[in-house]
Amino acid sequence: MIWCVEDDAGIRDIELYALQSTGFEARGYEDGLSFWEDLQKEQPDLVILDIMLPQLSGTELLRRMKNSPSLQEIPVIMATAKGAEYDKIQSLDLGADDYLVKPFGIMEMVSRVKAVLRRCKPKQESNLLKEGDLVLNLSEHTVSIRGERIPLTYKEFELLRLFLTHRGVAFTRDQLFHDIWGAEYCGETRTLDMHIRTLRQKLMEYGAQIETVRGVGYRFEGKR
């Protein structure tokens, strides 16, 4: 079940039609308050959340979800206005799994939904990846530093997993897009840079080990 929170009835109806016509169950909400009330009773598989909403903003709803143990694992795609760079960065910082820039194509929206759901499938591995006090638990899908949990989005987690399993390897931007976003992804190239930026910030001193390789992409330089 996909929940679309959008106060523009025309956009909301198109979102719902596109999702339902491609095999998804979908439900629409015209304001943040009704969405939040229903979220206390049941949970969707993914939420498409507009930033600008009456009563409760999308940003505030995202913050509440990511601060709630029972809701924080629900994938969220934020819908932001064209040129609203701050909204994109703030959404990623708060834990959004992806974002759409209005006006966006309906098939792009469906593709993003499929990609996020695919990446969010539970992992079956049961081992740990460590770098000093940084621990990535594949079975629990968690990351901690000195025992303190570090909240990461799914894409941030997958980026870190890739880096920790290939320490010292320089990944091109195209390789990272293919491995993390999927082969069909054709969004803005700055998406990767923003995710690396937020991941570095969340990893504190370990963030500096994610190095920029000029003209290539990024690598994680392990201390080992």
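The values are calculated or read from the model by the stated rules, or taken from the named source; none is laboratory data. Not measured: the values here are computed from a predicted model. Cβ atoms come from the backbone with ideal geometry, glycine included; neighbour counts cover every protein chain shown. These accessible areas exclude ligands, DNA and RNA; they are computed on the full protein's heavy atoms, side chains included. Shrake-Rupley method; radii C 1.70, N 1.55, O 1.52, S 1.80 Å.
See the values below:
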read-out	value
Helices (runs of 4 or more DSSP H) fully within segment 1-69 counting 2 or more residues that are open to solvent by 60 Å² or more (accessible area, probe 1.4 Å) and within 18 Å of Met109 (Cα to Cα)	9-21
Single residue of segment 161-180 satisfying the filter (under 17 Å from Arg119 (Cα atoms) and out of contact with any helix residue (DSSP H, G or I) (no Cβ under 8 Å at 6 or more places or on another chain)) that is least open to solvent (accessible area, probe 1.4 Å)	Phe163
Residue list for segment 56-110, restricted to those being aliphatic (A, V, I, L, M), more than 21 Å from Arg197 (Cβ to Cβ) and free of Cβ contacts under 8 Å to residues at least 60 places away in the same chain	Leu56, Leu61, Met65, Leu71, Ile74
Tyr86 vs. criteria of a type in the set (Ser, Thr, Tyr), surrounded by fewer than 18 Cβ atoms within 10 Å (Cβ to Cβ) and more than 23 Å from Lys114 (Cα to Cα)	yes
Some residue of segment 71-82 being open to solvent by less than 20 Å² (accessible area, probe 1.4 Å), assigned to a helix (DSSP H, G or I) and within 25 Å of Ile106 (Cα to Cα)	no
So Glu131, is it farther than 22 Å from Gly10 by Cα, open to solvent by 50 Å² or more (accessible area, probe 1.4 Å) and not aliphatic (A, V, I, L, M)	no
Top-ranked residue in segment 159-205 [being hydroxyl-bearing (Ser, Thr, Tyr) and out of contact with any Gly (no Cβ under 7 Å at 6 or more places or on another chain); ranked as modelled with the lowest pLDDT]	Tyr185
Residue within segment 91-98 that is closer than 16 Å to Cys4 by Cα and either open to solvent by 10 Å² or more (accessible area, probe 1.4 Å) or in a loop (DSSP other than H, G, I, E, B) (or both) present	yes
